[in-house]
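Taking it in order: structure first as structure tokens, then the write-up.
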Amino acid sequence: MRVMKNYEELTFTDDFMFCKILTKHQDLCKQLIEIILNVKIRKIEVELNQYPIELTYDGRGIRLDVYVEDDEGTVYDIEMQTTKKKDLPRRTRYYQGMIDLNLIERGASFSELKKSYIIFICTESPFESNLPIYTFKNVCQEDNAILLDDDAVKVIVNAEGETSRANPEVKALLDYITTQAVESDFTKKINNAVSEAIDHQEWRSEYMTLAMRLNEERLAGRDEGRLEGAHEKALQVYKNCIERGMDKDNALAIAGISEAELKDNE
């Protein structure tokens, strides 16, 4: 069985740490968005950690890693993606749709939909072209000069991208994500925030409590699985861990399955 990470081993790319740092340090969240999008934001007004959206009749929804709004009403959803997903494009589409449904009240005007950015930071390259950042907008196929202008933008950050094709700030960010090398003022701030977080007793207790709760679910699922199919139950426990913000390695450890077993069921 895989060993779950100790709290001291968490890094910025672990969902728990990623969410805690960006929601506690509003200035770092703001600067991260500015670096990725190459924009300037005056002020962040709303900031939510692990923000749940459940709109379907059966309660199925999404849990956003970091959801923020700036003072102009623009919405930013920032997700850390530590595993390579074949369905990443559809995931961005689903997140966009759920956020839009959550933003607009029933019967309200479509003009009330806010400009939004869905940002996925991927530790593994999502496409064959090794760009550091991919920005997607709806474009007319017959005339690429015509944008749909629906104010919905999807951005995928590729930590394994060719850093020579990125500006210095983006390069430093990508290098930090992949190697934890501190090469800029921003990554130094992030690294210091991680170090401080390791000594944060309340967060440590929260992480340990979450780990114990998920482990209890795994054990319950294993016992129940003896009658109903242990493998299927383990996969469900893994999915529950991921939905609660657990990174892949920890989720596999909690579920008690290997990466090979997971890939066989993807």
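The values are calculated or read from the model by the stated rules, or taken from the named source; none is laboratory data. Remember, it's a predicted structure, so these values are computed and weren't measured experimentally. As a convention, Cβ positions derive from the backbone with ideal geometry for all residues, glycine included, and neighbour counts pool all protein chains shown. Please note that ligands, DNA and RNA were not included when accessible areas were found on the heavy atoms of the full protein model with its side chains. Shrake-Rupley method; radii C 1.70, N 1.55, O 1.52, S 1.80 Å.
So the values come out like this:
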| read-out | value |
| --- | --- |
| Residue pairs meeting the criteria (Cβ under 9 Å; at least 6 apart or on separate chains; first assigned to a loop (DSSP other than H, G, I, E, B), in the stretch 66-93; second among the small types (Gly, Ala, Ser) and open to solvent by 10 Å² or more (accessible area, probe 1.4 Å)) | Lys84/Ser125 |
| Any chance Glu196 is surrounded by fewer than 18 Cβ atoms within 10 Å (Cβ to Cβ), acidic (Asp, Glu) and assigned to a helix (DSSP H, G or I) | yes |
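Matching residues to (1) at pLDDT below 90; (2) surrounded by 14 or more Cβ atoms within 10 Å (Cβ to Cβ); (3) over 19 Å from Lys30 (Cα atoms); (4) charged (D, E, K, R):
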residue: Asp100; (1), (2), (3), (4): yes, yes, yes, yes
residue: Glu112; (1), (2), (3), (4): yes, no, yes, yes
residue: Thr123; (1), (2), (3), (4): no, yes, yes, no
residue: Val157; (1), (2), (3), (4): no, yes, no, no
residue: Glu160; (1), (2), (3), (4): no, yes, yes, yes
residue: Leu174; (1), (2), (3), (4): no, yes, no, no
